[in-house]
Structures are given as structure tokens and as C-alpha cells.
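Note sheet for the following structure.
The values are calculated or read from the model by the stated rules, or taken from the named source; none is laboratory data. All values derive from a computational prediction rather than experimental measurement. Please note: Cβ atoms are built from the backbone with ideal geometry, for glycine as well, and neighbour counts cover all protein chains shown.
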Amino acid sequence: MLSERRQLILNSMAVMSNRLTQSIASFVLTAAIARLLGAQALGQYLIGFTYYFMFMNVVAQGFKNLFIRELARDPSVTPLYLISGSLLQFVFSLLGYGLLVFVVTLLPYSPETIQLCYLIGLALIPFSLSNVTEAIFQAQERMHLIAMSTVPVYLVRVGAMIAVMLHGYGIQTVALLFVLSELLILLLQWGLMLRSIRPSWRVDWNFIGQVAKAARTFLAIEAIAVLNSRRQLILLSLFGGEVAVGLFGAIAQFLMPFDIVIQSFILALFPKLSQALGTNRDRLRHLTEHLLDASLCIAVPYAVGLWFIGQSLLIGVYQDSSFSAAGSALGWLALSLIVIAVNKPLSQALIASNLERINLREVVVDTIVGGIITGFLIWQFQLMGAVMAPIVTNLIALSQFNWAVRKQLFRLHWWRIFRRSIGLAIIMIAVFWLAQYFSWSLIMTILLAMTVYGMAVILYGIQMLGGYTVTRNKLKSKLFRNLAKRGDV
């Protein structure tokens, strides 16, 4: 159990480094575009990236979860998935790009925004193909190979994008560099893959048909889920324009670190969740509770921090007082992270248990009910409506996931799950209250909060690794040996 936990932490750190680098690069790029090209250019880029992200999740992520689950259970089919799975992904990426072009052409955007959407959308093809190699790496629990192939590219990409903007190039050049970087990642991952796997160059059409049929539920889940996750920005782009999109994108950047970290834990643990189905329900429950505990220990302190210093962060990062109006919106949006931190692990536990139909039902309900709520709130309140909608819709999803897990799988020990995050929340509230009371600077407040939180996380990590138990047993053993030498026992 101890070595298994260490493996989980190592895999989580590998994925986290990848996603965290991506998050930081995205954050830096957003700030650079806002400062060098203006809010309108930022809005155009975010609109183009949103449509790419939506169709990318449908044609890539829908297959990825299925690939990871099946490869984790039967590694012998890896060469088959590498070739035939890649061909399947390539076909779907072409279909996805064609559909993206069709949809964007029909919408009332400016010609410049439409052309930018076309260009960014081309990244669908290399990303979909690299999605197959990443699924194999994750199923084999070799997440460090993903970080090796992506982290350097992310760093070089953001540096190159900022350089071309400083030399007078526009947002179109930035989009072109994005596409080329995804192609480079694909080539690097294939190079790493071929070092350990001999591909089966024969195309198995029966296998492709079976996988496409099996992935229907996953594709539907991802299609509806990604539409739900991006509907705020899409509705803002239609009702509020590119500037409103720029403001929403600016505050959404502060939520990305949480998303990166939580996805790292989920990706690292998902193979173990899939394997636990064949052992016993107690093990699956234990892994799910562990993931919920870790997720909340990340979400709750982070939400507290954004609630207290969100406005100061916006002004400090973007160097524009006009962003201060979005400070309250950032605070409310941060509260939705607490509910998301519960929803994501429950959702993955259901998928690992072959109950993905429940996830499909949830996204259908969220699409219908949540779509109506989101549309009304944005229509009436625009930016504030866009940040209040996730709180309502995620609470609706939580009620469905909790009921399904309780009825289909097991009962969760909620106090055991929440106790650490509640303690962290109390500590962080005290830290930020003291910072406000003594009027500390933003930098000093952040450093103090990070130090206190880091110490708490280290103690939690030691406990999770069994450090307390190991140290205590060693001390006991040493004590008894000394007493035995003295003849006292």
C-alpha cells in the first residue's frame, strides 16, 4: 500500500508539472495579449480557442477515457491501439474540424474572428493524434513521459508568442505558433513511444468499428459536458461582445491552477480506479474517498484566497484598473470550485465502474436545465450571470452524482472526507483576515498564505505516506531494544 501511494504521488506530480506549466503559460499569454494587443484581441483569441477546445474535447477526450480504461485492464493490446486507434482519431479530427468551420461560419462574428477560429482549429488534428500516445502513457502509469514531451514545448511556445507580439505581429501569428507547437508535441511523443513499443502496422477495421461503437457514450458525454463548460463564454460572445469575453477570460485564468492540479490527481488515480472494480468495493470506496479528500484540500483554501484577494490580483496582473470591476465576479466564481472538487472524483468513480450512462444522464440534465438557467442569467446580468451559473449547475450535478454513487456503489464517509479541508479553510481565513487587519501588501499576503498552506500540505503528505506510523514504529523498536539491553524488559 505504501509503494502504491508513492507511485500515485509520483504520477500526480508528473501530470501536475505538465498541466501546471500549461496553466502558467496560458496565464502569461493571456496577460501578454491583454497588455500588448488589447482586450479585443484577447477576446478574439479566447473565442477561437473556445471553439477549438470544444471540438477537441469531443473528438479526443471522448476516446481517451475509453482508451485508458481498456489499456489499463489489458496492456497486451497497446500496439493495436497505437495504430488503429490513431487512424480512428485522425478521421474524427477531420470530421471535428469540418464541423467547427461549419458552425463558426454561421455565427455573427467579425471576419477577423472567424479566420482566427479556422486557424486555431487546425490544432485539432495533431492534438487528437497525440491524445492516443498520452492515453497509452497514462494506462502504463508512465506519466513522466507526457511531461517530458510537453513541458519544454509549452515554455518555448509562450516565449515565441510574446516575442512575435513584441516585434509587431498580430494575433494571427500567435495562433499559427499554437498549431505548430501541437504538431511538435505529437512528433516528440511518437519518438518516446517507439522506444518501448513495437507498433502493429496492420489496420484492424473490426477493432476500429468496435471502439467507435464503444466510445459512443463517452463521445456524447464529452460533447455535452464541454458545451456546458464553455457555454458562458459562448453566450457572452454573442450577447456581450469580445470585450466581455476578454473580462471573463481574464478572471477564468485564475481558476486554471486548480483545474490543473485536480485533473492531475484524477488522471493519476483513474487507472487504479478502473483496476479496483475487479477486486472489491471497499478498495474502490477507499480510493474515491482519498481522491475527494485531496481535491477538497486543494479547492477550499484556493477559493478562500480568491475570495479575499481576487480584486487585487486582477489589478496587479493586468495593470489596468478597469479589471477591478470583475473582482467580485472572481470571488463568486471561485466558490464553484468547492462543488467541482466533489463532482469530478464521483464522476470518475462511476466511469471506472462501467456506469458512464449515469454521467451521460447528468450532462443531459445539465444541458437542458443548466442551459436554461445559464442563458437567463447571462441575458439578465451578463458577466455576473456567467459566474453565478456554474454554482447552480454544479449543485444540480452534485445531487445526481451523490445519489448514483450511494445507490449503485457504496456509502461515502463524508466527515472523513471533509475534516481536513474544513481545518484548512479555518486556517486560511485566519491568515487573510490578519493580512487585512495589518494592511499587508499583496505580495506579502500571498507569500504568507503559500507558506502556511505549504506546511499543512507537507504534514498531510507525510501522513498519507505513512510517515507518522513508520517513525513511531521505529522509535518504539529502538526504545524496546535499549530497554532490553538494560534488562528492564
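Checked against the criterion of being closer than 17 Å to residue 146 by Cβ and under 23 Å from the mean Cα position of the chain (by Cα), region 107-122 contains not a single residue that satisfies it.
Taking residues in region 408-422 that are of a type outside the set (A, V, I, L, M), and partners anywhere that are outside any helix (DSSP H, G or I), the pairs with Cβ atoms closer than 7 Å and at least 6 places apart or on different chains are 408/355.
Scanning region 105-120 for any residue that is closer than 20 Å to residue 91 by Cα, surrounded by 23 or more Cβ atoms within 10 Å (Cβ to Cβ) and at pLDDT below 90 turns up nothing.
All told, residue 361 meets the bar of being among the basic types (Lys, Arg) and at pLDDT below 85. How about region 227-241: which of its residues are modelled with pLDDT under 75 and either touching a Lys or Arg at 6+ places or on another chain (Cβ under 8 Å) or over 23 Å from residue 59 (Cβ atoms) (or both)? 240, 241, listed by residue number. Residues in region 457-478 include none that are at pLDDT 85 or above and loosely packed, with under 12 Cβ neighbours inside 10 Å. Take the conditions (1) under 20 Å from residue 261 (Cβ atoms); (2) touching a residue at least 40 places away in the same chain (Cβ under 8 Å); residue 395 misses just one of them, which is (1). Considering region 249-297, and only residues there that are without any contact (Cβ under 8 Å) to a residue 60 or more places away in the chain and crowded, with 23+ Cβ neighbours inside 10 Å, the residue that is farthest from residue 402 (Cα to Cα) turns out to be 294. Does region 324-334 include one or more residues that are under 24 Å from residue 224 (Cβ atoms) and either part of a helix (DSSP H, G or I) or among the polar types (S, T, N, Q) (or both)? Yes, because at least one residue in region 324-334 is under 24 Å from residue 224 (Cβ atoms) and either part of a helix (DSSP H, G or I) or among the polar types (S, T, N, Q) (or both). The set of residues in region 79-117 that are of a type in the set (S, T, N, Q) and within 17 Å of residue 215 (Cα to Cα) comprises 84, 86, 89, 93.
Among 149, 130, which is hydroxyl-bearing (Ser, Thr, Tyr) and closer than 17 Å to residue 64 by Cα?
Only one candidate qualifies: 130.
Among the residues of region 377-390, those identified as crowded, with 18+ Cβ neighbours inside 10 Å and either among the aliphatic types (A, V, I, L, M) or within 22 Å of residue 362 (Cβ to Cβ) (or both) are 377, 378, 383, 386, 387, 388, 389, 390. Identification of helices (runs of 4 or more DSSP H) wholly contained in region 149-249 with 1 or more residues that are out of contact with any strand residue (DSSP E or B) (no Cβ under 9 Å at 6 or more places or on another chain) and over 30 Å from residue 80 (Cα atoms) yields 171-193, 216-239. All of 163, 135 fail the test of being surrounded by 21 or more Cβ atoms within 10 Å (Cβ to Cβ) and not β-branched (Val, Ile, Thr), apart from 135. Does residue 223 qualify as being within 30 Å of residue 37 (Cα to Cα) and surrounded by 19 or more Cβ atoms within 10 Å (Cβ to Cβ)? When the stated conditions are applied, residue 223 does not pass them.
Residues that are at pLDDT below 90 and farther than 30 Å from residue 69 by Cα are absent from region 293-301 altogether. Count, please, the residues in region 313-329 that happen to be farther than 17 Å from residue 30 by Cα and either at pLDDT 80 or above or basic (Lys, Arg) (or both). Here the count works out to 2.
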